[in-house]
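This report concerns only the one structure given below.
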């Protein structure tokens with residue numbers, strides 16, 4: 001049986017970076033959860049993919065201190081390595097010189113959000129927020145004045161440039177708007193970046209692309225008719241590729257590729273696949289850090305990017321000469337990747353990949369002459385932990401809905417059922433709603449499965465990875481067809497794998513999944529007990545106090561309702577309206593610094609149920625953000641796991 005403290009046995013790998021000249025050298029961060037210190041440590045290591053040997057780059061900063069280095073990136077010549085080091089509350093940009101062994105800060109006491117080497121390797125462009133906050137009082141200037149995981153964001157993100165020889169920093173942008181997505185032209189003469197709110201009002205993005213001539217500091221402006229931009233790729237012929245969303249009033253819109261020619265309007269690529277660009281499969285055993293979604297391999301003219309399809313994150317190749325997109329499917333779920341080489345005949349990538357029964361490890365994959373993929377495993381950091389993980393049977397199931405959709409999902413339980421009697425079934429519901437369960441490693445699932453529970457999880461309409469229309473299907477349907485999908489899947493999966501009718505049935509979910517838990521126990525009384533975490537119970541108040549509720553939740557309700565014109569509809573979709581109908585014992589878990597689903601949602605739900613005399617407990621996690629369950633403080637993650645197991649164990 002797995003213990004909560006076994007979390008600390010996981011090795012968590014960050015995004016790899018391939019040396020530009022010695023392509024067999026791959027640097028990445030190797031992280032651990034440190035329970036006693038209640039923090040994460042991470043150290044940069046180089047793996048030689050030819051010899052399968054590991055080298056630690058440099059020693060711990062000072063004796064007794066835990067290393068906290070991540071997001072390494074080689075300079076264009078490979079003679080320098082930039083990386084992020086956490087110092088106090090700041091993610092500072094640091095530099096390592098292999099020739100001398102020197103390691104020093106480039107941006108002391110400044111929090112860096114993203115960084116990019118200039119093509120000549122002499123400077124690094126980075127983004128950082130210029131916050132307008134003091135500890136006595138400050139005036140809120142913008143709608144987006146807070147952001148989950150970052151806290152108060154009353155200022156704007158700007159672009160800066162630092163000289164790697166002198167450490168001199170100069171600010172590039174000045175407008176009152178968030179800036180991002182820096183990208184250099186191949187010759188380094190132009191710097192491209194986006195400005196999200198050129199009119200100064202940050203209610204809705206209206207992005208522009210600015211092109212800065214680095215020789216004379218002049219700037220030209222391109223205004224594509226897009227809702228958002230997530231990546232820019234300047235091409236040698238002077239055109240520009242971008243990834244972003246079309247102008248629709250829908251938060252389920254996929255990021256897709258568009259092209260900008262000088263003096264022309266944007267055109268969406270005909271080769272776009274019906275797959276969302278990016279990483280959207282949920283997991284709780286991966287290390288945070290800067291993780292590139294798009295890699296432009298300039299020598300070949302190909303762009304490689306991550307996309308999510310049917311519960312798996314894969315790599316896709318965009319041919320910039322033909323605008324065609326090809327899936328480079330892998331059997332593993334890709335968490336991060338880097339390109340070793342790429343040409344017309346073949347591609348080699350290194351990537352961190354995981355699976356339902358395999359925590360993340362480093363792999364190398366090669367496609368040559370359109371032959372089958374040749375893949376080799378480079379690291380075996382988590383092998384010892386895997387030896388102690390009980391044998392679990394995983395089955396894939398499909399449920400056909402009454403309106404003709406196919407719902408993909410899985411069940412997981414101990415293989416030896418005779419020696420391990422089933423303790424009950426737990427229905428897991430994912431958040432988003434535009435995320436997905438899939439072929440990723442969930443320590444939560446294994447922890448509970450090792451205690452004899454059968455885990456049931458699926459991707460109802462709204463989940464990413466099943467086409468744009470499927471993702472749109474949740475809009476205006478919260479508490480409606482999503483419930484039909486999930487309960488239908490539960491019933492069909494239970495019928496197909498011999499579920500015991502009178503065994504305990506539990507339900508658990510977080511964020512939007514927590515919303516559905518709250519909704520279900522107010523309408524369906526089949527559940528023995530429930531766990532709802534970082535959840536939503538009152539959409540009316542969430543619209544006003546969430547970092548994104550004023551936009552996302554209004555879209556999700558259908559785009560027509562607002563606080564002052566349709567209170568009835570908003571409250572009709574809010575679980576708190578049905579608190580009197582709850583009969584299921586419920587455990588509420590909530591982080592006190594959650595800005596996505598603020599803790600007042602947990603407070604309202606607890607107060608309503610407690611006043612009504614319901615069986616309810618409320619656990620608060622001081623300082624924890626919305627992502628606490630997957631990347632929060634180790635001691636809080638352990639306390640959370642133990643609380644969930646104890647709650648289910650005492651409600652049978």
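Just so it is clear, none of the values below were taken in a lab; they were calculated from the coordinates. Since the structure is predicted, the reported quantities are computational estimates derived from the model, not experimental observations. Every residue, glycine among them, receives a Cβ derived from its backbone with ideal geometry; neighbour counts consider all protein chains shown.
Structure above, values below:
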{"quantity": "Efficiency of FRET between residue 132 and residue 592 - r from beta-carbon atoms, R0 35 angstrom, step 0.05", "calculated": "0.90"}
{"quantity": "Model label zone, residue 218; criterion: amide N under 19 Å from point 7 Å along Cα-to-beta-carbon; scope region 180-202", "calculated": "185, 187-193"}
{"quantity": "Spin-label model distance (nm) - residue 299 vs residue 5, 7 Å beyond Cα toward Cβ", "calculated": "5.0"}
{"quantity": "Ordering of 119-128, 49-58, 470-479, 90-99 by burial proxy (mean other Cβ atoms within 10 Å per residue, highest first)", "calculated": "470-479, 119-128, 90-99, 49-58"}
{"quantity": "At R0 = 56 Å, FRET efficiency that the Cβ-Cβ distance of residue 52 and residue 170 yields, to 0.05", "calculated": "0.85"}
{"quantity": "Inter-label distance, nm, simple model (7 Å from Cα along the C-beta direction), residue 387/residue 270", "calculated": "5.7"}
{"quantity": "Taking only Cα atoms of the chain, radius of gyration then Dmax in Å", "calculated": "24.6, 76"}
{"quantity": "Potential lengthening between residue 105 and residue 564 on full extension [0.36 nm per residue; Cα-Cα distance subtracted]", "calculated": "160.2 nm"}
{"quantity": "Extension gain, residue 571 back to residue 37 (0.36 nm per residue minus Cα-Cα distance, nm)", "calculated": "187.9 nm"}
{"quantity": "Paramagnetic reach from residue 141 (point 7 Å along Cα→Cβ, amide N under 17 Å) across region 176-219", "calculated": "176-180, 195-203"}
{"quantity": "Length added when fully stretched, residue 89-residue 373, from 0.36 nm per residue minus Cα-Cα", "calculated": "98.0 nm"}
{"quantity": "Computed helical MRE - 222 nm, the chain, DSSP H runs ≥ 4 contributing -39500 (n - 2.57), nearest 500", "calculated": "-4000 deg cm²/dmol"}
{"quantity": "Region 522-595-region 138-209 distance, computed between alpha-carbon centres (Å)", "calculated": "33"}
{"quantity": "Using a Förster distance of 30 Å, the FRET efficiency for residue 261-residue 163 (Cβ separation, nearest 0.05)", "calculated": "0.30"}
{"quantity": "Proxy reagent accessibility, fewest Cβ within 10 Å first, across 603, 340", "calculated": "603, 340"}
